[in-house]
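Here is the structure we will look at.
The values are calculated or read from the model by the stated rules, or taken from the named source; none is laboratory data. Here the structure is a predicted model, which is why all the values come from computation and not from measurement. Virtual Cβ from ideal backbone geometry, glycine too; neighbours counted across all protein chains shown.
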Amino acid sequence: MRFYYKVWMLAAALAVGVGLAGCGASASTASSPAASTTSTTSSETQTTEVQPMQGVLLNDPLADGTYHISFEQDKVWVGERKNTINDAVVYDYDQYTSAEIEALSEGDTIATHLDGTENATVLTVECIERKDGYVTINGGMEEGGIDLCKEDDHYRTLTWDDYPAYYEVGVVKQLVMADDIELSDGAADFEADPVIVKGDRAVCDAMSNEEDIYGWSAGNTTVTIQDGEITHIDRIWVP
């Protein structure tokens, strides 16, 4: 996550003062008559349940599109007819409509994949903070909540260095490579041009190289599927 955003969040919390900062404000005033009145009023107010937008649907073979995946190097196979990546894990990340996130308030609920699996957790919003397109719910990921950032016309989950919070969708037993598959590999150097490898056998050799130290993970690897075959693989540099 961007450093200046975290600094802003800390400064905001200190400015409010001891006993009244963030989510703690509700807890510290829970026994007061005013808090009881607020609670009663809130219970009569209709709450909103926010669900993620439709994400990746797991099919085997995968439908046409671009997917975040991970795989082990020994799962890259040269076959008699077609070369394949076997047992690839497919990932997605939660995205939400701008209107729903911008209307979200305390007492509402939001579903998210906190544990990195396909099982969603429903969080009750205890506190929410907004700044420059960033949203922190229940203290953010560091305190068991979630962080979001605005991207185009929606919001998405956020972790360190502004990457999404990926979760596993499932495993595809076999991803078939197109004969003219292309690999764009920029994992070694953020500032350098990516290495381009073309052709299924050359790509297989590059991806199964035992001396490779960067790995193939959800954060750095995407594949493009067309007509049931991988036509392009992209691996980027990650910090």
Within segment 101-131, the residues that are at pLDDT below 95 and on the phi > 0 side of the Ramachandran plot are 116
Residues that are of a type in the set (Phe, Trp, Tyr), over 18 Å from residue 97 (Cα atoms) and part of a strand (DSSP E or B): does segment 211-226 have at least one? yes
Report, by residue number, each residue of segment 91-142 that is charged (D, E, K, R) and in contact with a Pro (Cβ under 6 Å, 6 or more places away or on another chain). 94
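How many residues does segment 153-170 hold that are in a strand (DSSP E or B) and not β-branched (Val, Ile, Thr)?
7
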Test residue 78 against the stated conditions and say whether it is hydrophobic (A, V, I, L, M, F, W, C), over 14 Å from the mean Cα position of the chain (by Cα) and farther than 30 Å from residue 200 by Cβ. no
Would you mind finding the one in 150, 173 that is in the same structural domain as residue 86 (by TED's automatic domain parsing), outside any loop (DSSP other than H, G, I, E, B), among the charged types (D, E, K, R) and at negative phi? 173
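Name the residue, out of 202, 165, that is in contact (Cβ under 8 Å) with a residue 40 or more places away in the chain and either of a type outside the set (Val, Ile, Thr) or not assigned by TED's automatic domain parsing to the domain that holds residue 102 (or both).
None of the others qualify; the one that does is 165.
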Tell me which residues, restricted to segment 186-201, are of a type outside the set (D, E, K, R) and outside any loop (DSSP other than H, G, I, E, B). 195, 196, 197
